[in-house]
Amino acid sequence: MKILMVCLGNICRSPLAEGIMKTKLPENFLVDSAGTISMHEGKHPDKRAIKTAANHHIDISNQKSRPITKADLEVFDKIYCMDIDVYEDVISKTRNEEQRQKVSLFLEAAGDHKNAEVPDPYWGDMKDFEEVFQLLDRGCDAIKKQILT
Ligand code: 4NP
(Lines give C-alpha, C1' and ligand atoms only; values in the text may rest on other atoms or scores of the structure.)
Protein backbone atom coordinates (compact mmCIF):
# COMPACT_ATOMS: atom_id res chain seq x y z
CA MET A 1 0.00 0.00 0.00
CA LYS A 2 1.16 3.52 -0.85
CA ILE A 3 0.37 6.41 1.51
CA LEU A 4 0.83 10.13 0.81
CA MET A 5 0.77 12.83 3.51
CA VAL A 6 -0.05 16.31 2.19
CA CYS A 7 0.20 19.83 3.67
CA LEU A 8 0.74 23.30 2.22
CA GLY A 9 4.52 23.72 2.01
CA ASN A 10 5.72 20.13 2.60
CA ILE A 11 8.31 21.44 5.07
CA CYS A 12 6.53 21.16 8.45
CA ARG A 13 3.47 18.93 8.96
CA SER A 14 3.57 16.37 6.17
CA PRO A 15 7.33 15.66 6.52
CA LEU A 16 6.69 14.95 10.21
CA ALA A 17 3.68 12.76 9.32
CA GLU A 18 5.79 10.87 6.76
CA GLY A 19 8.64 10.34 9.22
CA ILE A 20 6.34 9.19 12.02
CA MET A 21 4.29 6.84 9.82
CA LYS A 22 7.43 5.24 8.38
CA THR A 23 8.46 4.19 11.89
CA LYS A 24 5.09 2.53 12.48
CA LEU A 25 4.40 0.58 9.27
CA PRO A 26 6.19 -2.50 7.90
CA GLU A 27 8.74 -1.87 5.13
CA ASN A 28 6.49 -3.09 2.33
CA PHE A 29 4.38 0.07 2.82
CA LEU A 30 5.47 3.14 0.89
CA VAL A 31 5.03 6.44 2.76
CA ASP A 32 5.75 9.77 1.06
CA SER A 33 4.70 13.41 1.45
CA ALA A 34 4.01 16.43 -0.75
CA GLY A 35 2.72 20.00 -0.59
CA THR A 36 0.03 21.89 -2.46
CA ILE A 37 2.43 24.79 -3.20
CA SER A 38 5.84 24.52 -4.91
CA MET A 39 7.35 27.51 -3.06
CA HIS A 40 9.72 25.32 -1.02
CA GLU A 41 10.42 22.72 -3.73
CA GLY A 42 13.77 20.96 -3.24
CA LYS A 43 14.23 22.29 0.30
CA HIS A 44 14.75 20.10 3.34
CA PRO A 45 12.12 20.29 6.11
CA ASP A 46 11.97 23.34 8.40
CA LYS A 47 14.78 23.17 11.02
CA ARG A 48 12.19 23.13 13.80
CA ALA A 49 10.45 20.10 12.25
CA ILE A 50 13.81 18.31 11.88
CA LYS A 51 14.67 19.09 15.54
CA THR A 52 11.25 18.03 16.83
CA ALA A 53 11.46 14.70 14.98
CA ALA A 54 15.05 14.21 16.22
CA ASN A 55 13.84 14.76 19.81
CA HIS A 56 11.72 11.63 19.20
CA HIS A 57 14.60 9.73 17.51
CA ILE A 58 13.17 10.15 14.01
CA ASP A 59 15.41 11.48 11.21
CA ILE A 60 13.54 13.52 8.58
CA SER A 61 16.55 15.64 7.57
CA ASN A 62 16.97 13.94 4.17
CA GLN A 63 13.44 14.66 2.98
CA LYS A 64 12.92 17.23 0.23
CA SER A 65 9.81 19.30 -0.42
CA ARG A 66 7.87 18.61 -3.61
CA PRO A 67 4.48 19.68 -4.92
CA ILE A 68 1.75 17.06 -5.36
CA THR A 69 1.27 15.92 -8.97
CA LYS A 70 -1.62 14.46 -10.95
CA ALA A 71 0.34 11.20 -11.07
CA ASP A 72 0.25 11.03 -7.24
CA LEU A 73 -3.53 10.83 -7.37
CA GLU A 74 -3.21 7.75 -9.56
CA VAL A 75 -0.27 6.04 -7.83
CA PHE A 76 -1.11 6.44 -4.12
CA ASP A 77 -3.82 4.39 -2.38
CA LYS A 78 -4.44 6.77 0.54
CA ILE A 79 -3.88 10.54 0.55
CA TYR A 80 -4.12 12.24 3.95
CA CYS A 81 -4.51 16.04 4.05
CA MET A 82 -3.48 18.12 7.06
CA ASP A 83 -6.19 20.78 6.83
CA ILE A 84 -9.36 21.70 4.94
CA ASP A 85 -7.70 24.13 2.50
CA VAL A 86 -5.22 21.42 1.54
CA TYR A 87 -8.03 18.85 1.25
CA GLU A 88 -10.03 21.12 -1.06
CA ASP A 89 -6.99 21.86 -3.16
CA VAL A 90 -6.19 18.15 -3.56
CA ILE A 91 -9.84 17.28 -4.31
CA SER A 92 -9.83 19.97 -7.04
CA LYS A 93 -6.99 18.07 -8.76
CA THR A 94 -8.84 14.73 -8.83
CA ARG A 95 -10.31 13.52 -12.10
CA ASN A 96 -12.69 10.76 -11.05
CA GLU A 97 -14.55 9.24 -8.11
CA GLU A 98 -11.91 6.57 -7.55
CA GLN A 99 -9.31 9.30 -6.97
CA ARG A 100 -11.65 11.31 -4.74
CA GLN A 101 -12.22 8.24 -2.54
CA LYS A 102 -8.50 8.11 -1.75
CA VAL A 103 -8.41 11.62 -0.29
CA SER A 104 -9.30 12.37 3.34
CA LEU A 105 -8.55 14.78 6.16
CA PHE A 106 -5.80 13.17 8.25
CA LEU A 107 -7.38 13.71 11.69
CA GLU A 108 -10.88 12.87 10.49
CA ALA A 109 -9.56 9.59 9.05
CA ALA A 110 -7.86 8.99 12.41
CA GLY A 111 -11.22 9.15 14.19
CA ASP A 112 -11.10 12.75 15.38
CA HIS A 113 -14.17 14.98 14.84
CA LYS A 114 -15.40 16.03 11.40
CA ASN A 115 -13.27 18.78 9.83
CA ALA A 116 -10.52 18.37 12.49
CA GLU A 117 -7.31 20.01 11.26
CA VAL A 118 -3.61 19.70 12.08
CA PRO A 119 -2.71 23.34 12.88
CA ASP A 120 0.04 24.94 10.82
CA PRO A 121 3.09 25.42 13.11
CA TYR A 122 5.04 27.45 10.51
CA TRP A 123 4.40 30.82 12.18
CA GLY A 124 4.68 29.33 15.68
CA ASP A 125 7.47 28.13 17.96
CA MET A 126 8.98 24.80 19.09
CA LYS A 127 6.05 24.20 21.45
CA ASP A 128 3.68 24.35 18.46
CA PHE A 129 5.86 21.87 16.57
CA GLU A 130 5.83 19.49 19.55
CA GLU A 131 2.03 19.73 19.78
CA VAL A 132 1.75 18.97 16.07
CA PHE A 133 4.11 16.00 16.56
CA GLN A 134 1.87 14.61 19.32
CA LEU A 135 -1.28 15.06 17.19
CA LEU A 136 0.38 13.35 14.23
CA ASP A 137 1.77 10.53 16.36
CA ARG A 138 -1.66 9.69 17.80
CA GLY A 139 -3.28 10.06 14.37
CA CYS A 140 -0.72 7.75 12.76
CA ASP A 141 -1.40 5.12 15.44
CA ALA A 142 -5.14 5.24 14.68
CA ILE A 143 -4.63 5.12 10.90
CA LYS A 144 -2.12 2.28 11.24
CA LYS A 145 -4.70 0.24 13.17
CA GLN A 146 -7.27 0.75 10.40
CA ILE A 147 -4.81 -0.10 7.65
CA LEU A 148 -3.45 -3.24 9.31
CA THR A 149 -6.81 -4.70 10.41
P1 4NP B 1 3.46 23.14 6.19
O2 4NP B 1 3.76 24.60 6.79
O3 4NP B 1 2.29 23.32 5.23
O4 4NP B 1 3.09 22.34 7.38
O5 4NP B 1 4.72 22.69 5.49
C6 4NP B 1 3.94 25.74 6.01
C7 4NP B 1 5.11 25.91 5.31
C8 4NP B 1 5.31 27.06 4.58
C9 4NP B 1 4.33 28.06 4.54
C10 4NP B 1 3.16 27.87 5.25
C11 4NP B 1 2.96 26.71 5.97
N12 4NP B 1 4.56 29.25 3.81
O13 4NP B 1 3.70 30.15 3.86
O14 4NP B 1 5.59 29.37 3.15
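Taken over the stretch 83-142, the alpha-carbon convex hull comes to 82 cubic angstrom per residue.
Starting from 0.36 nm per residue, how many nanometres of slack lie between ARG138 and ALA71 once their C-alpha separation is accounted for?
Working: separation 67, 0.36 × 67 = 24.12 nm, distance 2.90 nm.
Length gained, ARG138 through ALA71: 21.2 nm.
Across the stretch 74-81, computed HN-Hα scalar couplings (Karplus, 6.51 cos²θ - 1.76 cosθ + 1.60, θ = phi - 60°) run 8, 6, 7, 8, 9, 10, 9, 9 Hz from first to last residue, x flagging Gly and Pro. Size descriptors for the stretch 22-101: radius of gyration and Dmax over Cα atoms are 14.0, 41 Å.
In percent, how large is the relative contact order of the stretch 1-130, given Cα pairs closer than 8 Å and 6 or more residues apart?
After rounding, I find 27 percent.
For the chain, modelled as a GNM whose springs connect Cα atoms under 10 angstrom apart, the maximal fluctuation among LYS47, LYS64, LYS78 occurs at LYS47. Straight-line cross-link partners of LYS43 among the lysines, defined as a Cα under 16 Å from its Cα and at least 8 positions apart when in the same chain: LYS51, LYS64. Solvent-accessible area of the stretch 59-126 (1.4 angstrom probe, protein heavy atoms only): carbon and sulfur portion equals 46 percent.
A simple spin-label model places pseudo-atoms 7 Å from Cα toward Cβ; at LYS43 and LYS93 they are separated by 1.8 nm. Projected over every direction and averaged, the convex hull enclosing the alpha-carbon atoms of the chain yields 8.1 nm². Bridgeable lysines around LYS93 (alpha carbons under 16 Å apart, same-chain partners fewer than 8 residues away excluded): LYS70, LYS78, LYS102. The label point for LEU148 and the one for ASN55, both projected 7 Å from the Cα toward the Cβ, are 2.6 nm apart.
The values are calculated or read from the model by the stated rules, or taken from the named source; none is laboratory data. Quick caveat, the model's predicted, so the values are computed rather than measured. Cβ atoms come from the backbone with ideal geometry, glycine included; neighbour counts cover every protein chain shown. Each accessible area value is taken on the protein alone, full model and side chains, heavy atoms only, with ligands, DNA and RNA left out. Shrake-Rupley method; radii C 1.70, N 1.55, O 1.52, S 1.80 Å.
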